[in-house]
Structure formats: C-alpha cells, structure tokens
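First the structure, in the form of structure tokens, and then the observations on it.
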Amino acid sequence: MRPRIFAKAAVSYRTLDVEAILETLRRLERRIRERFPSSGLLSICHELLSLAQDVQQRAKAIAAPNIALRAAVYIVISAGIVGLLMVAFGIKFQTGSTELLSVLQAVEAAANIVVLLGAALFFLISLETRLKRNRSLRDLHVFRSIAHVIDMHQLTKDPSSVLASDHATASSPERTMTPFELTRYLDYCSEMLSLTSKLAAVYAQNLPDPVVIDAVYDIESLTTDLSQKIWQKITIVDAS
C-alpha cells in the first residue's frame, strides 16, 4: 500500500493537478465569503472557480489530435504515393525506348508530385497547430483579463487610509477596513493572482507549443508583478 502512495505523489509533483487547484480555489472562495461576503472580490473568485472547472477538459480537448485533419494527411500521402507509383511504372514502360525526353518528362512529373505533396502536408500539419494555438490563446486571454480585474479591486486599498487620519473628499472611496482586514483582503488578491497563473500554465502543460508557452509566461510575469505591488502594501501595513 505504501509504495502506491509514493508512486502517486511522485507523479503529482511532475504535473499540475487541476483538482488540487480547484480545491484551493474553493477554499479561497469560502475564506473570502466568510470575511468579505458582500465584496466584489468574492464574485471574481466565483467566476475564476467556474472557469477552472472547465480548464482541464478544455486544455485536453485542444491538445487532442484533430482526426479530420490527420485523415486528410493520410489521404494526401496515399494520393502522393499512388501518383509516384504511376510515374514509376510509366518510366519502366519507357525503358526500352530511346526517347530520353519521355524519361525526363516522367522525372519532372515525379518531382512536381513530391513538391505538391510536401506543400499539402505542410499546410495540413501547420493548420492543426494553428487551430490549437488560436484556441489556447483565446482561453488564455480570459485569464489575462481576470488578472487585471483582480488588480482593479485592490487599487483603492491604500495602506495610508488605515495608517493616517486623512480627510476624505466627497469622491473618495469608502474605506472601512481595519489593518488586519486590509492585509487579509490584499492577501486574497495575491492568492487569486497566483492561482490564475497556475490555471493558465495548464494549457502549456497539455500543449507545449512555443507561442502558447510564451503567452503563459506573459501571464505569469503579469500576475507576479501585480502580486509584488500587493505585497508591498501588505509590508507597509505590517510594519506600522
């Protein structure tokens, strides 16, 4: 029994476990609901959780082979082989003839078939890659947008509002949080940003395409930069 546990743990450390990410998101949603039940951050976390429930299925569906395109590839290959065989039999038929021009025409026809076959294969294979890439980038754009929305919800959470007795204006945002509540709110934002980048990384895990990997890296860089700004605020509050 024990070796099975160790084997399972070894596998889980090599890949991102979407179920573990989902469980962390569910717990984070409960934590936000218990402390800030009427906050917009709770709605964002709920939206992120609903997206996360479909991430594994969508990422695997995108990475799955396109049967129709692959069938077209086999058809093109078969047609090319048949064409080459026909040309080869034609050359064999002319071996007893002294007409060199017929042989050269057959060789030229074979070369044209090879070129057309290569172009068709390149188009079909690259088409599948482009389709998968575009679907992944559309999904990843959603996570990039959510990261910016999370950042918008922490912009008005200014540490100076709880550290100094400033005079609010008529247009000032309502600030009623205690220092402890402020640090909790900011920490929830940072956690949500981190989980957003992990969900994006699932796409690169299932489809290791260079363009997709670069897009995931951009999201990770974005969430890391935003999280650093948040932790600067937390540090200011904790140091007071």
Computed label-point distance, nm, for sites residue 78 and residue 174 using a 7 Å Cα→Cβ extension
6.9
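Order of 176, 183, 129 from fewest to most other C-beta atoms within 10 Å? Walk me through the numbers before you get to the answer.
Working: 176 7, 183 20, 129 14.
By the 10 Å Cβ count, ascending, the order reads 176, 129, 183.
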Take peptides 193-201, 57-65, 32-40 and line them up by average Cβ neighbours within 10 Å, highest first, as a rough protection proxy.
193-201, 57-65, 32-40
Entries in 132/233; 132/229; 198/233 that, when Cα-Cα distance is taken, lie over 29 Å:
132/233; 132/229
Karplus-derived HN-Hα couplings along the range 133-148 (A = 6.51, B = -1.76, C = 1.60, θ = phi - 60°), whole Hz, x at Gly and Pro:
5, 5, 5, 5, 5, 5, 5, 5, 4, 5, 5, 5, 5, 5, 4, 5
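Throughout, read-outs are computed from the coordinates displayed, never taken from laboratory work. Please read these numbers as outputs of a predicted model, since none were measured by experiment. Glycine gets a Cβ as well: all are built from the backbone with ideal geometry, and neighbour counts include every protein chain shown.
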